[in-house]
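Please read the structure below before turning to the comments.
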Amino acid sequence: MVVSCKRAAGYLGRIILPMILACSVSAQRATIYTLSDLVDSASRHLPLLLEKQAMVQSAQAGIREAKDAFLPQVNAVEELSVGSANDLTGPFLPVPGLIHSIAGSINGATDYQAVTGNMASLYGQYELVNFGLRGARVASAKAFVGFTQADLEKERYQVKWDIARIYFAIQKNRNQLAVDSEDMRRYQSMYQVSRALTGSGVNPGVDSSLARAGLSRTRINYNEAIGALHRLQLQLAYLTGISTPEIPVERTFEGPADIRSDSVVVERDRNAIQGAEALVNAGAGMPGDSAAAINNPLAEYFASQKLQYNAEQELARKSYLPKIILGAGGWVRGSSIQYNNVYESPGEGLGYQRLNYLAGVGITYDLFNGIHKRDRVAVLNGEVAAADYALQQQELSLHNQELQADESIRTARANLGELPLQLKAATDAYNQKLAQYKAGVINLVDLANASFELFAAQSDYITTINEWYTASLDKAAAAGRLDQFIQTVK
C-alpha cells in the first residue's frame with residue numbers, strides 16, 4: 001500500500017510540477033504592447049489628456065448655464081425691523097450703505113421713539129425681448145465646447161504622434177543594440193586571435209593592444225546604446241503609464257547568420273514597406289489642398305478657435321442691444337404707527353396690515369452701449385484675424401511637413417536599393433580579411449577597417465529603415481491619417 005502511494009505521488013509530481021513551472025514562466029513573461037495598445041493607455045493615463053477631457057465636460061455644462069441664465073428672476077424678502085421713523089421727505093442718490101425710506105415723517109417735531117415694522121415682498125422679472133442675446137450666448141457656449149473638444153483632439157493627436165516616434169526609435173535602438181553586440185563579439189574574436197598570434201610570434205604585440213582598444217570602444221558604444229534605449233523606454237512609460245512597456249521588435253540583425261542572409265533581411269523589410277506605403281499614399285492631398293489639412297486635428301484646433309471668436313463677436317453685438325423687461329411684484333407690510341399718527345406698542349407692528357401689488361413693462365438701454373460695443377468688437381476682430389492667420393500657418397506647416405516626408409521617403413527608398421550591395425560587399429570583405437589575418441597575411445588595422453565597414457553597413461541599413469518609417473509616420477500625421485497608420489503597425 002505504501003509503495004502504491006509513493007508511486008501515485010511520483011506520477012502526480014511528474015504531472016503537477018511541470019504545470020506549476022509552466023504557470024510560473026507564463027506569469028513572468030512580459031506583456032507585449034502594440035502601438036495601438038500604447039496609444040490607448042496614454043489616453044487613459046496621461047494627466048494632460050485627462051485635464052483636456054475635464055475642460056470639455058466643463059464647457060458642455062456651460063451650454064446649460066447659458067440657457068438657464070435667461071430664466072425669470074424671482075426674489076422673496078421677509079424683513080423684521082426696529083428703529084425710529086423720523087425722516088424727511090426729499091430725493092436722494094442710492095449710494096451704498098443704509099437704504100433710506102422714501103416716505104417722510106408724519107410728525108413736524110423730532111421724535112426718536114422706537115417703532116416696529118414687518119414687511120414681506122415678492123418680485124420677479126423676465127426679459128421679454130433681448131433681440132437674440134439668448135441665442136448668441138448659447139451659440140457662444142456651443143462654440144466653446146467645439147474649441148475645447150478640438151483642443152483635446154489636438155493634444156491627443158500630438159501624443160499619438162510622439163508615442164509612434166518613440167516606438168520606432170525603440171525598434172531602431174534595439175536593432176542597433178544587436179549590431180553593437182555583434183561588433184563587440186567581432187572585436188572580442190579579433191582580440192583573442194591577435195593574442196594567440198602575438199604569443200606565437202606571428203604578429204607584433206601592438207596588434208593585441210589595438211584589438212583591446214577596439215574592444216573597449218565597442219563596449220562603450222554598446223553601453224551608450226543601452227542607455228539611449230532605457231531613456232526612450234522611460235519616455236514611453238511617462239506617456240503611457242506602463243512601467244516597463246515591452247513592444248514587438250522584428251530584429252534586423254541578430255548575428256552572423258542574419259548578416260550572411262542580408263538579401264533575405266532586405267527583402268523582408270522591403271515587402272513590409274511596400275504594404276505600408278499603400279496606406280501612406282492613399283488619399284494624399286494635392287499640394288496646396290487645404291481640405292486635407294482641415295481634417296487634421298492640429299489644424300482643426302485653429303479652425304475651432306476662429307469659430308469661437310466669431311461666436312463671441314455675435315455675442316458682443318447682441319449684448320449691447322436694448323432689453324424689454326416684464327416686471328411684477330407685491331408686498332405686505334405692518335407698522336406700529338397707525339394711520340392717525342398714533343404710536344402703538346411695538347407688538348402691534350409685527351403683523352401684516354396692508355397689501356400692495358405692481359406690474360409693468362420697461363425697456364432698458366445704456367446710452368453708452370454703442371461705445372462699449374465698438375470697443376469690444378474691435379478687440380474680437382483682432383482675435384478673429386489672429387486665429388485665421390494661425391490656421392493658415394498650421395496648414396502651411398502641415399503641407400511642408402508632408403513635402404519633407406515625401407522627400408525623406410524617396411531618399412530612403414533610393415538608399416534601400418544600394419544597401420544590399422553594401423551589406424554583401426562589407427560582409428564578404430570582412431570574412432576575407434579575417435581569413436587573411438588568421439593566416440598572417442595582413443595586419444590588424446586592415447581587419448579592423450573591414451569590421452568597421454561591416455558595422456557601418458549594418459548601422460546604415462537600420463538607420464535607413466527607421467528614416468523610412470519615421471518619414472512615413474510624419475507624412476501620415478501631416479495628412480490627418482495618423483490613426484489609420486497606427487492601426488497598420490503590428
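The values are calculated or read from the model by the stated rules, or taken from the named source; none is laboratory data. All of these numbers come straight from a predicted model, not from anything done at the bench. Cβ coordinates were reconstructed from backbone atoms using ideal geometry, including for glycine residues, and neighbour counts include every protein chain displayed.
Overview of results
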| item | result |
| --- | --- |
| Matching option when the condition is assigned to a helix (DSSP H, G or I), surrounded by 15 or more Cβ atoms within 10 Å (Cβ to Cβ) and within 39 Å of the chain's Cα centre (by Cα), among A457, A386 | A457 |
| Residues being modelled with pLDDT of 85 or more and surrounded by fewer than 12 Cβ atoms within 10 Å (Cβ to Cβ) - total across the stretch 326-346 | 1 |
| Subset tally (residues that are in a loop (DSSP other than H, G, I, E, B) and free of Cβ contacts under 8 Å to residues at least 24 places away in the same chain) for the stretch 226-246 | 1 |
| V361 being of a type in the set (V, I, T) and part of a helix (DSSP H, G or I) | no |
| Test set (1) buried (at least 16 other Cβ atoms within 10 Å of the Cβ); (2) outside the structural domain of A456 (by TED's automatic domain parsing) - V379 fails condition number | (1) |
| Count - residues of the stretch 368-379 that are of a type in the set (A, V, I, L, M, F, W, C) and in contact with a Leu (Cβ under 9 Å, 6 or more places away or on another chain) | 0 |
| Count - residues of the stretch 109-165 that are over 17 Å from the mean Cα position of the chain (by Cα) and basic (K, R) | 3 |
| Residue in the stretch 294-304 that is at pLDDT below 90, over 21 Å from N175 (Cα atoms) and assigned by TED's automatic domain parsing to the domain that holds A476 present | yes |
| Selection from the stretch 459-471 of residues that are more than 28 Å from H399 (Cα to Cα) and either in contact with a Leu (Cβ under 7 Å, 6 or more places away or on another chain) or not assigned by TED's automatic domain parsing to the domain that holds H399 (or both) | D460, Y461 |
| Residue in the stretch 348-355 that is surrounded by fewer than 12 Cβ atoms within 10 Å (Cβ to Cβ), without any contact (Cβ under 8 Å) to a residue 60 or more places away in the chain and over 47 Å from the mean Cα position of the chain (by Cα) present | yes |
| Near pairs, Cβ below 6 angstrom, 6+ apart or cross-chain, from the stretch 472-486 (assigned by TED's automatic domain parsing to the domain that holds I409 and under 15 Å from R165 (Cα atoms)) to any residue that is at pLDDT 90 or above and acidic (D, E) | K475/E402; A478/E402 |
| Which numbered condition S243 fails, given (1) surrounded by fewer than 18 Cβ atoms within 10 Å (Cβ to Cβ); (2) modelled with pLDDT of 90 or more; (3) hydroxyl-bearing (S, T, Y) | (2) |
| Which listed residue is in contact (Cβ under 8 Å) with a residue 40 or more places away in the chain, closer than 20 Å to D162 by Cα and in contact with an Asp or Glu (Cβ under 8 Å, 6 or more places away or on another chain), from S451, S408 | S408 |
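For (1) aliphatic (A, V, I, L, M); (2) at pLDDT below 95; (3) outside any loop (DSSP other than H, G, I, E, B); (4) buried (at least 19 other Cβ atoms within 10 Å of the Cβ), each residue gets a yes or a no:
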| position | (1), (2), (3), (4) |
| --- | --- |
| M119 | yes, yes, yes, no |
| Y123 | no, yes, yes, no |
| L128 | yes, yes, yes, no |
| F131 | no, yes, no, no |
| R137 | no, yes, yes, yes |
| K172 | no, yes, yes, yes |
| N175 | no, yes, yes, yes |
